[in-house]
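Novice: Would you mind keeping the following structure in view while I ask a few things?
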Amino acid sequence: MTIEIRWHGRGGQGAVTVSKVLASAALQCGKYAQAFPEYGPERSGAPVKAYNRFDDKPIVIHCGVYEPDRVAVLDETLLSTEDVTQGLSGEGGLVVNTKRSPEEIREATGYPGSIVCVDAEGIAEETGSRYANVPLLGALGSILPFMRLEALEAALRKALSRMKPEKIEKNVEALRRGYAETQTLEPDPKRLQRYEARRAQDGLPSYQELPPGGVITPEVRECPETGGWRNERPDFREELCVNCLLCWAHCPEPAILTDHQTMTGFDYRYCKGCGICAAVCPTEAIVMVEERGEATGTPEPEDAKAPAKGGVGG
Ligand code: SF4
Ligand code: SF4
């Protein structure tokens, strides 16, 4: 049986490291295993995803994980900026580093499957292991049917072998506590059926469903909302705009809003804060400001409408 996992974290939190430790532990449990990362913007604090794939037989696919069986969230602020349950199987489980209860996480995410909460950050502080990734690894390991705590411990010791022995022991203690100190909310069968029906509509077609040649037409896939990547946001000074639409032409996301071929602002659901629009704007009508700074002259995200694909909206 194949089990696929997606990790959500931020740069510097160690999501990629623990995905590798998990793969190493799975090998010791007799599984075939993969671990691979997906980086967004290369900066500390930017959202990062990592993946695992496990199977009883050799794994011949090397594509990304689109319909994970488990999702582990290292930084709970991502619950509001990333669609962490995207594609997640209702039969699977969502594991979150949080002080909140699983009921609160269900409320926040709408996920009706099994929810596992662990205060990984608190455990890391108390044990002196420093990072929440290790206790979260323990919590995730506790809900994998094939995983043994001893295998996780051995893989962790191997990965940390260059550290001082006392530091290794602190991490092992954090792992054990993460494994043991979970709060679990069972699936809600009433909501599962609706969730699975919606998931079937949202997901990419599996390769068996594609026509020969494997063409995925643009309308099959929605544009990913990259707004959560931002450290800075573009600010629009409408009075300086000469409506050349260079910003629209260069923006790598559908983030520039237009109305009757006139620049009107940004759709912050998609704007990832790359700053290209400000760089190409000839009149300084766009400047980059801190994400927390107040933007002017732009529609609020909830009112914003993405421009039509392939042409200027409006
Ligand atoms: S910063 Fe500008 S170019 Fe970059 S995604 Fe946002 S709107 Fe587009
Ligand atoms: S590049 Fe600058 S001047 Fe041109 S449409 Fe965009 S904001 Fe206006």
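The values are calculated or read from the model by the stated rules, or taken from the named source; none is laboratory data. This one's a predicted model, so the numbers in the text were calculated from it and none came from an experiment. Here Cβ is always computed from backbone atoms with ideal geometry, including for glycine, and neighbour counts include all displayed protein chains.
Novice: For the stretch 288-296, check the following and say yes or no: at least one residue is near ligand 1 (Cβ under 10 Å from one of its atoms), β-branched (Val, Ile, Thr) and modelled with pLDDT of 90 or more.
Specialist: no
Novice: Still on this structure, I have one more. Among the residues of the stretch 134-188 satisfying the criterion of being in a helix (DSSP H, G or I) and β-branched (Val, Ile, Thr), which is nearest to Glu104 (Cα to Cα)?
Specialist: The qualifying residue nearest to Glu104 (Cα to Cα) is Val134.
Novice: Answer yes or no as to whether Ile59 is exposed (fewer than 15 other Cβ atoms within 10 Å of the Cβ) and β-branched (Val, Ile, Thr).
Specialist: Yes, satisfied.
Novice: Another question, if that's okay. Does Thr85 satisfy the condition of being free of Cβ contacts under 8 Å to residues at least 60 places away in the same chain and among the hydroxyl-bearing types (Ser, Thr, Tyr)?
Specialist: For Thr85, the condition - free of Cβ contacts under 8 Å to residues at least 60 places away in the same chain and among the hydroxyl-bearing types (Ser, Thr, Tyr) - is met.
Novice: Which numbered condition trips up Lys272, out of (1) without any contact (Cβ under 8 Å) to a residue 60 or more places away in the chain; (2) under 16 Å from Asn231 (Cβ atoms); (3) in a loop (DSSP other than H, G, I, E, B); (4) not hydroxyl-bearing (Ser, Thr, Tyr)?
Specialist: (1)
Novice: Quick check, is Arg148 farther than 19 Å from Gly12 by Cβ and in the same structural domain as Lys49 (by TED's automatic domain parsing)?
Specialist: Judged against the criteria, Arg148 is a match.
Novice: Now, a different point. Considering only residues of the stretch 236-262 that are acidic (Asp, Glu) and surrounded by fewer than 20 Cβ atoms within 10 Å (Cβ to Cβ), which is nearest to ligand 2 (Cβ to nearest atom)?
Specialist: Glu238
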